[in-house]
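Note sheet for the following structure.
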């Protein structure tokens, strides 16, 4: 039995940051796996 595509996407797990593991606020045009907080921390460390 096939499920509705809307049910499929609704039931996907929340996206998690690969650095800290916190749930990420997803953006439709974003394919990043790192949250904004971790990105900022990584940028300040690399300076």
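So the values come out like this:
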item	result
Separation in nanometres of the label points that stand 7 Å from Cα toward Cβ, at residue 31 and residue 5	1.9
The chain: relative contact order in percent, alpha carbon pairs under 8 Å with at least 6 residues between	27
Stretchable slack from residue 20 to residue 39, in nm (0.36 nm times residue separation minus alpha-carbon distance)	5.8 nm
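Computed from the coordinates by the stated procedures, all read-outs in this text should not be read as laboratory data. The shown structure was predicted, so the numbers you read here are calculated from the model rather than taken from an experiment. Cβ coordinates were reconstructed from backbone atoms using ideal geometry, including for glycine residues, and neighbour counts include every protein chain displayed.
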